[in-house]
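Student: Right, I'll just put the structure down here and ask away after.
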Amino acid sequence: MEAHMETPEPTSEAAEAASAATAAAVLGDDDLLREILLRLGLPTSLVCAAAVSMRWLRCASDPAFLRRFRARNLPRLLGVYVRTPDAQRLRFVPLARGPELAAVVRRGSFDLGEGTGSVWDCRNGRLLADVDGRNVVYSPLHPERGTDILPEPPIPAEAYTLLFYFSDFLFYENRDDSVSCTSVTVMCTERQAWVHLSDLQAGVWGEGRYSGTIDIPVQGSLRVCEHHALLANRKLYMMCLPHHIIGFDLPSMSSFCIELPDKVQYEYLESIGLSCAERSGFFLIHLKGFQISVWLHMTDRSSIGTWKLIDTICLQQVFSHFVELTWDSLPHVIRVAAVGENAEFVLLRIQHKLFYMHISSRAVEEVYEASPAHGSLYGVYPFTMPWPPTFPALNGGADHDQ
């Protein structure tokens, strides 16, 4: 009879060693590690992963990887600030989805206090607001930073002699924690427009610079477009003409004019919204009646570019489950309150109510209703997760590599 020898069962120590070896082989592959990190979804998770070791930090903070992460995982909406004419302060409405985002909101401090009026800009975890005539920068996610009061921006003397002018503030992306923004003064005659820009760095306004002048199309008349300016991919876009967008290329300070798509018109203040596109160009959200059109403007070297219709949405269909809405009276009261980056979502104001609509999924929910005593919603300002994330310094760089 042939003898059979049984294979001994592996010990628990051997199984654990084999498992550790397998994990080391997987996580020791930088390419595979980046693919795993790419799927974490949130910048906060990415920062936590980067704290594991210097090698993980190098992978997570690599600029090429961060570009991929941003393209796959757009900054998440944490909430919106809303303003009504009779309220004495901005109110923060949390909209964080999921426990991790909710925890981010809980750790922050979003109450801006009394006297806060218009919001000039809100991005990368900072908010620039008018507080009793002063321009104040808040960092709700990092209340320990306190607030920064910006010096009065330089306004060219000739602005006071023109047909009209208006000013705006826009943050621009900065790699460190310093406050960096641009003061924009748009100056106009009856047939020409140009801008004066000044950058704030280290608390001081830099020397101003002028763009080239641009001729206003004959069929257009300039309209005040405060808070309808978009800074995207080193270009400034101003929504202030019925059929055109005025643009300025910041590196060269050249000016250009973009004709709106066919049948799109800037009819009133909240009929159009602009949004950054991920790589180049920008999105335009147009509301007419019960239909929303989503357009992408792809910028070429001339800055004129081309328009592409991305999506059309019938509001009567996506709002069908809100039975209390009376559609006969709605065309005159639906407004585009705000648009998310990359045209991911749009916030619609319908009378005293604010609705969030995710563009691609068509998911709609009511997120806020203003008290009739405070009047209608006067301003809506989305607040998203900051980008890029701030990574930790691991023991002065002396951590182990694995």
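The values are calculated or read from the model by the stated rules, or taken from the named source; none is laboratory data. As the structure is a prediction and not an experimental result, all values here were calculated from the model. Note that each Cβ is placed from the backbone with ideal geometry, even for glycine, and that neighbours are counted across all protein chains shown. To get the accessible areas, we keep the full protein, side chains included, count just its heavy atoms, and leave off ligands, DNA and RNA. Shrake-Rupley method; radii C 1.70, N 1.55, O 1.52, S 1.80 Å.
Student: Arrange the residues S360, S167 by how much accessible surface each exposes, largest first, with a 1.4 angstrom probe.
Tutor: On the way: S360 90, S167 30 Å².
Sorted descending by solvent-accessible area, the residues read S360, S167.
Student: Let me ask something else. Please list T182, T161 in order of solvent-accessible area, largest first, computed with a 1.4 Å probe with all protein chains present.
Tutor: These residues rank, largest area first, as T161, T182.
Student: In angstroms, what radius of gyration and Dmax does region 44-127 have, counting Cα atoms only?
Tutor: When restricted to Cα atoms, region 44-127 yields Rg and Dmax of 16.7, 54 Å.
Student: Give the calculated FRET efficiency between R72 and E158 to the nearest 0.05, with a Förster radius of 60 Å applied to their Cβ-Cβ distance.
Tutor: Details: r = 47 Å, r/R0 = 0.78.
The computed FRET efficiency comes out at 0.80.
Student: At 1.4 Å probe size, what's the solvent-accessible area of R191? Round to the nearest 10 Å².
Tutor: Counting only protein heavy atoms, the figure is 100 Å².
Student: If you don't mind, another one. Are there chymotrypsin sites (Phe, Trp or Tyr not before Pro) in region 66-108 that DSSP puts in a loop and that have at most 15 other Cβ atoms within 10 Å, and which ones? Mind showing how you got there, number by number?
Tutor: On the way: sites: F69, Y81, F92; in loops: none.
Of the chymotrypsin sites (Phe, Trp or Tyr not before Pro), not one in the loops of region 66-108 has a Cβ with at most 15 other Cβ atoms within 10 Å.
Student: Same structure, new question: Which of the peptides 99-109, 134-144 is most tightly packed, and how do the rest follow, judged by the mean count of other Cβ atoms within 10 Å per residue? Working shown, then result.
Tutor: Numbers: 99-109: 13.9, 134-144: 17.7.
Averaged packing, sorted descending, gives the order 134-144, 99-109.
Student: Hey, rough spin-label estimate for A17 and V333, points 7 angstrom out along Cα→Cβ, what's it come to in nanometres?
Tutor: 7.5 nm
Student: Further, regarding this structure: Before I look further, what does region 336-391 give for accessible area per residue, probe 1.4 Å, in whole square angstrom?
Tutor: Working: 2130 Å² over 56 residues.
Accessible area per residue: 38 Å².
Student: Please work out how much length the chain gains when fully extended from E259 to E190, using 0.36 nm per residue of separation minus the C-alpha to C-alpha distance, in nm with one decimal.
Tutor: Values: separation 69, 0.36 × 69 = 24.84 nm, distance 1.89 nm.
Here the answer is 23.0 nm.
Student: Here is a follow-up. Can you list the lysines whose alpha carbon sits under 22 Å from that of K353, skipping same-chain ones fewer than 8 residues off?
Tutor: Here the lysines satisfying the reach criterion relative to K353 are K288.
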